[in-house]
Each structure stands twice: as C-alpha cells, then as structure tokens.
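The structure appears below as structure tokens.
The values are calculated or read from the model by the stated rules, or taken from the named source; none is laboratory data. Values in this document were obtained by computation on a predicted structure and should not be read as measured data. All Cβ positions, glycine included, derive from the backbone under ideal geometry; neighbour counts span all protein chains shown.
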Ligand SMILES: NC(=O)c1ccc[n+]([C@@H]2O[C@H](COP(=O)([O-])OP(=O)(O)OC[C@H]3O[C@@H](n4cnc5c(N)ncnc54)[C@H](O)[C@@H]3O)[C@@H](O)[C@H]2O)c1
C-alpha cells in the first residue's frame, strides 16, 4: 500500500477521471477527501470524505479547508468543466 494513511484531496472526483484517481488512492490505502459541485454523484462515493461545493468560490474553499481533519499530503486539482466537441471532425 504505497499511500497508506496519506491524505489525498481530489477536486472534481464525483465523476470521470477524478473519480478514478480517488479510487486508485483508496486502493493504495490513502485517506481521500473529495470536493465536487455534483452532490448526487459525490454522495454516492464510498469511503471518501465528500465536501459539496465549487472549488473556485473563496467562501466555499475557506469552509472546505477548515473542515479538513488531517494535514494534506497530495492535492490533485482535477476539477474543471471540459470543453468537448471543439475538434474538427475528420473523415477518411
Ligand atoms: N476527458 C478528457 O478527454 C480530458 C482531456 C483533457 C483534459 N481533461 C481534464 O481532466 C479533468 C477531468 O475530466 P473528466 O473528463 O473526468 O471530466 P468530468 O466532467 O467527467 O468530471 C469533472 C468533475 O468535476 C466536477 N467539477 C467541475 N467543475 C467543478 C468545480 N468548479 N468545483 C468542483 N467540482 C467541479 C464535476 O461535477 C465532475 O464531477 C478536467 O479538468 C478536464 O478538463 C479531460
């Protein structure tokens, strides 16, 4: 267990890549805290400390940081709204 008892924060981990990163940390024994705007998906995550909120909002971040029960070892700042569909479709 490479990350046993290490504390990892993963932003935007209720879905997608962040969710996979959070699960990988859990598999390696880390304590995982997630912040995400998607409450429905976030509350379904198991074995993580879930905090609902938007990471860009100062007031939210202050509450989030104050809620942390353990010093942070890793921060994966993954959350963002992806821009999909901007590439030009190419057909053979
Ligand atoms: N999927 C790709 O092909 C790809 C490619 C290049 C870069 N990325 C980047 O990787 C990251 C994850 O991509 P993904 O495809 O897993 O995205 P996703 O949309 O599947 O998941 C993003 C998560 O972040 C959350 N989120 C968005 N903005 C937030 C905010 N301000 N505060 C808190 N939570 C927020 C969403 O609710 C969601 O749960 C993004 O930063 C994206 O730009 C993705």
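Cβ-Cβ under 9 Å, sequence separation 6+ or interchain: first residue in the stretch 18-31 and within 16 Å of the ligand (Cβ to nearest atom), partner part of a helix (DSSP H, G or I). Which pairs?
Sorted first by the residue in the stretch 18-31, then by its partner, the pairs are 19/41.
Could you pull out every one of the helices (runs of 4 or more DSSP H) wholly within the stretch 1-67 that has 3 or more residues that are in contact with a strand residue (DSSP E or B) (Cβ under 8 Å, 6 or more places away or on another chain) and within 14 Å of residue 77 (Cβ to Cβ)? Outline the logic, then answer.
Values: elements: 16-27, 39-42, 58-67.
In the stretch 1-67, the matching helices (runs of 4 or more DSSP H) lie at 16-27.
With respect to residue 72, determine if the residue is in contact with a strand residue (DSSP E or B) (Cβ under 7 Å, 6 or more places away or on another chain), under 18 Å from residue 16 (Cβ atoms) and more than 13 Å from the ligand (Cβ to nearest atom).
Numbers: in contact with a strand residue (DSSP E or B) (Cβ under 7 Å, 6 or more places away or on another chain): yes; under 18 Å from residue 16 (Cβ atoms): no; more than 13 Å from the ligand (Cβ to nearest atom): yes.
So residue 72 fails the test.
Could you please find all residues in the stretch 32-42 being more than 24 Å from residue 71 (Cβ to Cβ) and either away from the ligand (no atom under 13 Å from the Cβ) or in contact with a helix residue (DSSP H, G or I) (Cβ under 9 Å, 6 or more places away or on another chain) (or both)? Quick ask: steps written out before the conclusion?
The initial filter retains those residues of the stretch 32-42 that are more than 24 Å from residue 71 (Cβ to Cβ), namely 37-41.
Once the filter is applied, which keeps residues that are more than 24 Å from residue 71 (Cβ to Cβ) and either away from the ligand (no atom under 13 Å from the Cβ) or in contact with a helix residue (DSSP H, G or I) (Cβ under 9 Å, 6 or more places away or on another chain) (or both), the stretch 32-42 yields only 41.
Name, by its number, the condition in (1) touching a residue at least 60 places away in the same chain (Cβ under 8 Å); (2) surrounded by fewer than 16 Cβ atoms within 10 Å (Cβ to Cβ) that does not hold for residue 4.
If we test residue 4 against (1) touching a residue at least 60 places away in the same chain (Cβ under 8 Å); (2) surrounded by fewer than 16 Cβ atoms within 10 Å (Cβ to Cβ), just (1) comes out false.
Looking only at the stretch 49-92, how many residues end up being modelled with pLDDT of 95 or more and surrounded by fewer than 10 Cβ atoms within 10 Å (Cβ to Cβ)?
1
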